[in-house]
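As structure tokens, the structure follows; a few thoughts come after it.
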Amino acid sequence: MHKYKGIVFDLDGTLVNSLEDLIDSTNAIMKFHQFPTHSYEDGKKLIGRGIRNLTRDAMPEEHRDSEGFVNELTDMVRAEYASNYLKKTKPYPGITKLLDYLTANEIPFGVCTNKPDREAKALVRGLFKDYHFVDVVGFTKEDLRKPNPATTLALAEKMGVKPEECLYVGDSTVDYETAVNAGMLPVLCTWGFESFEVITQFDDAIWLHNPMRIVDALRYGMEMYSVFNETPDPDPNAYKRQP
């Protein structure tokens, strides 16, 4: 019934909309240092490569080369976010329905994210307490940060699934690179933080506008487009984009 046997999910911009909590926390530290703050729309471009890169890219350019100062502000943003990561963050519409399907069909799933490990685990426990994730693996060491596939491959092994039998579901270029590096099929969501134009440049990935279409990706892989007689790059304006 299913061509693919398991799923590794990204977290921010894929399972949950954490944009406002992340940018609010970052802006609080920028404002403290009398630096410019960022809108949520502009903030989308800062997310996906870990808190340190988020902090550095949010800082004025003239301060980004000071490693000590970047590290100081990164610690401040991490502390701020640790107190605020569940204020506004919610699952995207359709995600719990997808997890219901995976659970009912005994398809293992887990999370590999560049979000700090403690906050990633706590967020999943808080928002998805009714579901069994094989593991939730967040950022712990710089040399293991995605797109390094090491933690993703370790998670697939823990799920008992070969990489080539696994989907990697994310919303960014980093997620695409992680999937390719791990030998998994990249599935990219258009409801996340990356722009539609960037996501659709990858012609060896599946692009989806609705979480339940991940079920079709599990069943058919890249063949889903021919099965449903559709093009892989539908007009994004024909769909209601997720918030």
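Evaluate the range 143-153: report whether one residue or more is buried (at least 17 other Cβ atoms within 10 Å of the Cβ) and under 26 Å from M1 (Cα atoms). Scanning the range 143-153, I find at least one residue that is buried (at least 17 other Cβ atoms within 10 Å of the Cβ) and under 26 Å from M1 (Cα atoms), so the answer is yes. What do you reckon, is L54 over 25 Å from F9 (Cα atoms), outside the structural domain of M159 (by TED's automatic domain parsing), surrounded by 14 or more Cβ atoms within 10 Å (Cβ to Cβ) and out of contact with any Lys or Arg (no Cβ under 6 Å at 6 or more places or on another chain)? It is false that L54 is over 25 Å from F9 (Cα atoms), outside the structural domain of M159 (by TED's automatic domain parsing), surrounded by 14 or more Cβ atoms within 10 Å (Cβ to Cβ) and out of contact with any Lys or Arg (no Cβ under 6 Å at 6 or more places or on another chain). Scanning the range 67-83 for residues that are over 26 Å from the mean Cα position of the chain (by Cα) and surrounded by fewer than 13 Cβ atoms within 10 Å (Cβ to Cβ) gives E67, G68.
Each row is one residue, and each column tells you yes or no for (1) assigned to a helix (DSSP H, G or I); (2) in contact with a Phe, Trp or Tyr (Cβ under 8 Å, 6 or more places away or on another chain); (3) of a type in the set (D, E); (4) on the phi < 0 side of the Ramachandran plot.
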residue: H2; (1), (2), (3), (4): no, no, no, yes
residue: D21; (1), (2), (3), (4): yes, yes, yes, yes
residue: D24; (1), (2), (3), (4): yes, no, yes, yes
residue: E41; (1), (2), (3), (4): yes, no, yes, yes
residue: R52; (1), (2), (3), (4): yes, no, no, yes
residue: L73; (1), (2), (3), (4): yes, no, no, yes
residue: M76; (1), (2), (3), (4): yes, yes, no, yes
residue: A79; (1), (2), (3), (4): yes, no, no, yes
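Taking the condition of being charged (D, E, K, R) and either touching a strand residue (DSSP E or B) at 6+ places or on another chain (Cβ under 7 Å) or in the same structural domain as G50 (by TED's automatic domain parsing) (or both), how many residues in the range 89-112 meet it? Residues that pass the stated criteria total 1.
The values are calculated or read from the model by the stated rules, or taken from the named source; none is laboratory data. As the structure is a computational prediction, the values presented were derived from the model and not from experiment. Backbone-built Cβ (ideal geometry, glycine too); neighbour counts: all protein chains shown.
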